[in-house]
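Asker: What follows is a single structure, and I will ask about it in a moment.
The values are calculated or read from the model by the stated rules, or taken from the named source; none is laboratory data. Everything numeric in this text was worked out from a predicted model, so none of it was measured. Note that we place each Cβ from the backbone using ideal geometry, even for glycine, and neighbour counts take in every protein chain shown. These accessible areas exclude ligands, DNA and RNA; they are computed on the full protein's heavy atoms, side chains included. Shrake-Rupley method; radii C 1.70, N 1.55, O 1.52, S 1.80 Å.
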Amino acid sequence: MAYHVHSDKPVFDLVIGDKTFSSWSMRAWLVAVQSGLPFREIMIKLDEKNTAAQIAKHTDSGKVPVLKQGKRVIWDSLAIAEYLNELSPEAQLWPEDAGTRALARSYAAEMHSGFTHLRAAMSMDLKHDATARHLSSGVISDIERVLKMWKAALQVSEGPFLFGEFCIADAFFAPVVFRFVSYKVKIKDKMIKQYMKNIQAHHGVQFWVEEAMKEKNKLHQF
Ligand SMILES: N[C@@H](CCC(=O)N[C@@H](CS)C(=O)NCC(=O)O)C(=O)O
């Protein structure tokens, strides 16, 4: 199977939520795939009666994603991404140049801690296909901020990804690309449209989406 997701000799386990809805899981999972390390995926269906109990078997944080390696338990997508970068330095999960790397970290960190309006109004749902109506000023300014950040990076790197090669910052923005697509946010800028296509064409992203489409789940909000 591609990506060694269910490898016989996993280097770590990655506990995730439903692929349709769990944007934080998607971020960590994409970084795991990009690390090139074999791993075992453990999926927990979110928003079920036993979800909390299932998650509690792996972490006290009450949330996924969680990376497990022997007795070591790493939770939170950004900590997992940084740990994977340390486990697999050859995968160059951050850009090589120190200045660009710091910038890419700023992008991932802002995604990780911000965009609350966008996240609340346009929760990730890979099966959603309808225009979002009555966007609040908070959502509009979040969208404008994302587009401005993408454009600034792409103007320097000239693609195909924010800082050239696919890095952790791209993994962190991948769910936003799908929010813009599924809620039909109008985007005119050619460079940004191409970036969104490049994210959608990424081998790991395609695999994640294919698996999400096979899921049978009801509506959740993440
Ligand atoms: N800051 C955390 C956020 C993780 C998070 O909110 N995960 C959601 C799913 S995307 C979750 O596990 N919710 C608990 C639940 O559904 O019971 C991270 O970056 O990993």
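Asker: Could we say that Ile199 is within 26 Å of Ala109 (Cβ to Cβ) and in a helix (DSSP H, G or I) here?
Answerer: Values: within 26 Å of Ala109 (Cβ to Cβ): yes; in a helix (DSSP H, G or I): yes.
For Ile199, the condition - within 26 Å of Ala109 (Cβ to Cβ) and in a helix (DSSP H, G or I) - is met.
Asker: Of all residues in segment 5-22, which are surrounded by fewer than 21 Cβ atoms within 10 Å (Cβ to Cβ) and of a type in the set (S, T, N, Q)?
Answerer: Ser7, the sole residue that qualifies.
Asker: Can you name the residue in segment 160-192 that is assigned to a loop (DSSP other than H, G, I, E, B) and among the acidic types (Asp, Glu) and is also surrounded by the most Cβ atoms within 10 Å (Cβ to Cβ) among such residues?
Answerer: Among those residues, the one meeting the criterion is Glu165.
Asker: Right, Arg40: in contact with a Phe, Trp or Tyr (Cβ under 9 Å, 6 or more places away or on another chain), closer than 21 Å to Lys214 by Cβ and surrounded by fewer than 18 Cβ atoms within 10 Å (Cβ to Cβ) or not?
Answerer: When the stated conditions are applied, Arg40 passes them.
Asker: Right, here's the next one. Would you check which residues across segment 66-91 are in contact with a strand residue (DSSP E or B) (Cβ under 6 Å, 6 or more places away or on another chain), open to solvent by less than 50 Å² (accessible area, probe 1.4 Å), within 12 Å of the ligand (Cβ to nearest atom) and without any contact (Cβ under 8 Å) to a residue 24 or more places away in the chain and list them?
Answerer: Listed by number, the list holds a single entry, Ile74.
Asker: A follow-up question, please. If a residue counts only when it is assigned by TED's automatic domain parsing to the domain that holds Ile168 and modelled with pLDDT of 95 or more, which helices (runs of 4 or more DSSP H) contained entirely in segment 33-125 have at least 3 such residues? Break it down into steps so the answer makes sense when it comes.
Answerer: On the way: elements: 51-56, 77-87, 98-113, 116-121.
In segment 33-125, 98-113, 116-121 are the helices (runs of 4 or more DSSP H) which contain 3 or more residues that are assigned by TED's automatic domain parsing to the domain that holds Ile168 and modelled with pLDDT of 95 or more.
Asker: Mind checking whether some residue in segment 203-216 is closer than 26 Å to Ala32 by Cα, open to solvent by 60 Å² or more (accessible area, probe 1.4 Å) and at pLDDT below 95?
Answerer: For segment 203-216, residues closer than 26 Å to Ala32 by Cα, open to solvent by 60 Å² or more (accessible area, probe 1.4 Å) and at pLDDT below 95: present.
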